[in-house]
Amino acid sequence: MTDVVIVTGAAGGVGSAVVRTLRDRKYRVIGIDVADVYEPGKDSLKIDLSSLNSTAGVDELSEQLAEAINADRLVGLVNNAALQIVCPFNELTVEHVINSLQVNCVAPFVLAKASFDHLKKSHGTIVNIGSIHSKLTKPGFVAYATSKSAIEGLTRAMAVELGGDIKVCAIVPAAIATPMLTAGFENNPQGLNELNSFHPAGIVGSINEVGKMVSLLIGDSLPFSNGALWNLDGGISGVLHDPG
């Protein structure tokens, strides 16, 4: 019997690093993404998280996951997938906010429901990937910041209710050097240097750091971390920006 971890957003920069780290540590990883992930088969599920909005959806997903897990043991769920809509408030629509909440908070709830029996049996772990935008944000991020605040609330509430059976915690990153982020600075190296300097650590985070932190939290090595929101932010959440 092999220990299994489900990772959503597995085709993205952070998700692929999480998958790689977990596989290096001999976990079997079931990757979920709206894009194609790895080779076709039981370890790759193409699922649109925006469609998981009903009890029937929970039941259908439960069947999909049970078939993918098969005779192995599910020990972890990593809710990493996210929708980031950036636009001015006067252009923000109700659909933008609903879709953000659906992918960034409702889908993690649905995945937790669909995985519940398996994770309870193994005393497994749910790791939600949040964002510094839940507490420190900037113009254009109303939908994203709201949804990431919601996933932190979900993490705390589930940790209280499920803590005896399933450990629930979250990682709260600041800027992470995903391929998308670094591509945005391809013609602006000075801008990337400035972004690094904004963080007291002098650097932005790496996708591999997120993978390592997820790997540390999965399993039974840190049982008292239930309910914890782990900042991975290079110290920027402690910086006071004022004219002085």
**Complete:** Condition set touching a residue at least 40 places away in the same chain (Cβ under 8 Å) and part of a loop (DSSP other than H, G, I, E, B), scope the range 207-221, selection nearest to VAL18 (Cα to Cα): answer is ILE218
**From the options THR155, THR146, residue that is under 14 Å from the mean Cα position of the chain (by Cα) and at pLDDT 95 or above** = THR155
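Within the range 91-99, does at least one residue satisfy the condition of being at pLDDT 95 or above, under 23 Å from TRP230 (Cα atoms) and buried (at least 16 other Cβ atoms within 10 Å of the Cβ)?
no
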**Complete:** The one condition ALA35 fails out of (1) more than 17 Å from SER147 (Cβ to Cβ); (2) among the hydrophobic types (A, V, I, L, M, F, W, C); (3) at pLDDT below 95; (4) surrounded by 15 or more Cβ atoms within 10 Å (Cβ to Cβ) is (4)
**Asked** Checking VAL86 against (1) out of contact with any strand residue (DSSP E or B) (no Cβ under 9 Å at 6 or more places or on another chain); (2) under 21 Å from LYS212 (Cα atoms), which test does it fail?
**Response** (2)
**Item:** Options LEU83, LEU101; residue that is outside any strand (DSSP E or B) and either within 13 Å of the chain's Cα centre (by Cα) or within 21 Å of LEU45 (Cβ to Cβ) (or both)
**Value:** LEU83
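The values are calculated or read from the model by the stated rules, or taken from the named source; none is laboratory data. Everything numeric in this text was worked out from a predicted model, so none of it was measured. Note: ideal-geometry Cβ built from the backbone for every residue, glycine included; neighbour counts use all protein chains shown.
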